[in-house]
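What follows is a short report on a single structure.
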Amino acid sequence: MISARRISNSSTMAEKQYIEMKLFSRRPLDADFAKAQLRFLATFNEGVFAPEKCDVYEPLKQKFDPTDLEVPVRWLTQPGGECKFKRTRPVGMEGYIANLRFAPLQVRPNEKSEWHDFVPSVPEPVFCTRWTLWIDLAAVRKKGLDILKRFLVDAFRVAEADYAFLTTEADYKGKNFSVSRDSQGTIEEFVGDDPEKGIPGLYWMNLFGPLYVDWFGDERLKALPATVEPQPDGAVFIQFGATPEEAEGIGARQSQRAAIAALGNDAFFDISCPECVLRVPAAISERVMRVPKQEPQ
């Protein structure tokens, strides 16, 4: 699966260093669940990451009003819908929450046939909700880097997430960015970041929900060469290095490789083998494949 690129392409954004965060949840986005996530985004730490603008498409034109979330909730509860948002100061932040469920379609083989629901030949995504955020590193550093950990952990809880990570753009790009060439030219894309096909990697900060804690075993996770903190909701937080700079250092990289080896190399994406088939928990691998109904001849 190809990762969405940063929403803004302005020169100002390009000059800054950004922290990237991704979060995945299996729970579908109904109205109450969507509203809870938007309210959290607006109120966390006295609104430090509260969006100023939001919309479905760029450029963002709608003012984000935390007291009236009816419109962005409607965007989010539509299968395939998104709510994009942005804040410029004092901490620059932009991103989106996406509803990954398939939009319902009706089809008919010909004009004389009745319309019926189209059943996809592939199953619905296991992960129904995805967060993607970019946060200005220099600005958030003034607030204290611990705010990033608290934001990740609290967002994970509110979204009832199964998997999340937070790291520098450079770290994410080094582990998941591919450049290839074919007869049409050069292809640049982010790869391996769909947890349905395997865990994208280990980064600066990582969170595994009970789905993965039960799969790996909490004792194995606690024994990893990293800062490991079990959470009240059954998740496990794993951090390599106290700062983003430490996380990109040789020591942290070695610890990440050792942790991956301890948990199983075949469970983690490796940019050196992007086509390798990876292990995933049974809740993902044992999905029932749905086949479209065949119309009688």
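The values are calculated or read from the model by the stated rules, or taken from the named source; none is laboratory data. Since the structure is predicted, the reported quantities are computational estimates derived from the model, not experimental observations. Here the Cβ positions follow ideal geometry from the backbone for every residue, glycine too, while neighbour counts run over all protein chains shown. Protein only, heavy atoms only, side chains kept; ligands, DNA and RNA dropped before computing areas. Shrake-Rupley method; radii C 1.70, N 1.55, O 1.52, S 1.80 Å.
Just need a number here: residues in segment 186-202 that are touching a Phe, Trp or Tyr at 6+ places or on another chain (Cβ under 8 Å) and more than 17 Å from residue 266 (Cα to Cα).
Within segment 186-202, residues that are touching a Phe, Trp or Tyr at 6+ places or on another chain (Cβ under 8 Å) and more than 17 Å from residue 266 (Cα to Cα) number 3.
Could you grab me the full set of residues in segment 83-106 that are open to solvent by 10 Å² or more (accessible area, probe 1.4 Å) and in a loop (DSSP other than H, G, I, E, B)?
Of everything in segment 83-106, those that are open to solvent by 10 Å² or more (accessible area, probe 1.4 Å) and in a loop (DSSP other than H, G, I, E, B) turn out to be 88, 89, 90, 100, 101, 102, 103, 104, 105.
A quick yes/no check of all residues on (1) over 24 Å from residue 125 (Cβ atoms); (2) β-branched (Val, Ile, Thr):
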| site | (1), (2) |
| --- | --- |
| 155 | no, no |
| 174 | yes, no |
| 193 | no, no |
| 201 | no, no |
| 211 | no, no |
| 222 | yes, no |
| 238 | yes, yes |
| 252 | yes, no |
| 263 | no, no |
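Got a sec? Which strands (runs of 3 or more DSSP E) wholly within segment 126-183 have at least 1 residues that are of a type in the set (Gly, Ala, Ser) and modelled with pLDDT of 95 or more?
Counting at least 1 such residues, we get 163-168.
Working only within segment 47-59, note down all residues that are touching a Phe, Trp or Tyr at 6+ places or on another chain (Cβ under 9 Å) and either surrounded by fewer than 11 Cβ atoms within 10 Å (Cβ to Cβ) or not in a strand (DSSP E or B) (or both).
Hits for segment 47-59 are 48, 49, 50, 51, 52, 56.
Criterion first (among the charged types (D, E, K, R), open to solvent by 50 Å² or more (accessible area, probe 1.4 Å) and within 28 Å of residue 209 (Cα to Cα)) does residue 112 satisfy it?
Answer is no for this residue.
Could you please tell me which pairs satisfy a Cβ distance under 6 Å, a separation of 6+ or placement on different chains, a first residue in segment 46-61 that is farther than 16 Å from residue 98 by Cα and touching a residue at least 60 places away in the same chain (Cβ under 8 Å), and a second residue that is aliphatic (A, V, I, L, M) and open to solvent by less than 20 Å² (accessible area, probe 1.4 Å)?
Between residues of segment 46-61 that are farther than 16 Å from residue 98 by Cα and touching a residue at least 60 places away in the same chain (Cβ under 8 Å) and residues that are aliphatic (A, V, I, L, M) and open to solvent by less than 20 Å² (accessible area, probe 1.4 Å), the close pairs are 48/91; 49/93.
So residue 273 fits all but one of (1) assigned to a loop (DSSP other than H, G, I, E, B); (2) closer than 24 Å to residue 209 by Cα; (3) of a type in the set (A, V, I, L, M, F, W, C); (4) open to solvent by less than 60 Å² (accessible area, probe 1.4 Å); what number is the exception?
With respect to (1) assigned to a loop (DSSP other than H, G, I, E, B); (2) closer than 24 Å to residue 209 by Cα; (3) of a type in the set (A, V, I, L, M, F, W, C); (4) open to solvent by less than 60 Å² (accessible area, probe 1.4 Å), residue 273 is out only on (2).
Check segment 61-80 and report whether any residue there is aliphatic (A, V, I, L, M), farther than 15 Å from residue 34 by Cα and assigned to a loop (DSSP other than H, G, I, E, B).
Scanning segment 61-80, I find no residue that is aliphatic (A, V, I, L, M), farther than 15 Å from residue 34 by Cα and assigned to a loop (DSSP other than H, G, I, E, B), so the answer is no.
Let's see how each residue does on (1) closer than 22 Å to residue 160 by Cβ; (2) open to solvent by less than 60 Å² (accessible area, probe 1.4 Å):
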site: 23; (1), (2): yes, yes
site: 27; (1), (2): yes, no
site: 34; (1), (2): yes, yes
site: 45; (1), (2): yes, no
site: 61; (1), (2): no, no
site: 72; (1), (2): yes, yes
site: 77; (1), (2): yes, yes
site: 81; (1), (2): yes, yes
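List the number of the failed condition for residue 140; all other conditions in (1) surrounded by 15 or more Cβ atoms within 10 Å (Cβ to Cβ); (2) more than 28 Å from residue 207 (Cα to Cα) hold.
Condition not satisfied by residue 140: (2).
Name the one entry in 219, 245, 229 that is of a type in the set (Asp, Glu), touching a Phe, Trp or Tyr at 6+ places or on another chain (Cβ under 7 Å), modelled with pLDDT of 95 or more and more than 21 Å from residue 284 (Cα to Cα).
229
Please tell me if residue 187 is at pLDDT 85 or above and over 18 Å from residue 236 (Cβ atoms).
Criteria not met by residue 187.
Of all residues being over 16 Å from the mean Cα position of the chain (by Cα) and farther than 29 Å from residue 250 by Cβ in segment 180-210, which is least open to solvent (accessible area, probe 1.4 Å)? Just the residue, please.
Checking each candidate, the answer is 185.
If residue 111 satisfies every condition in (1) closer than 23 Å to residue 82 by Cα; (2) assigned to a loop (DSSP other than H, G, I, E, B) but one, which is the exception?
Condition (1) is where residue 111 drops out.
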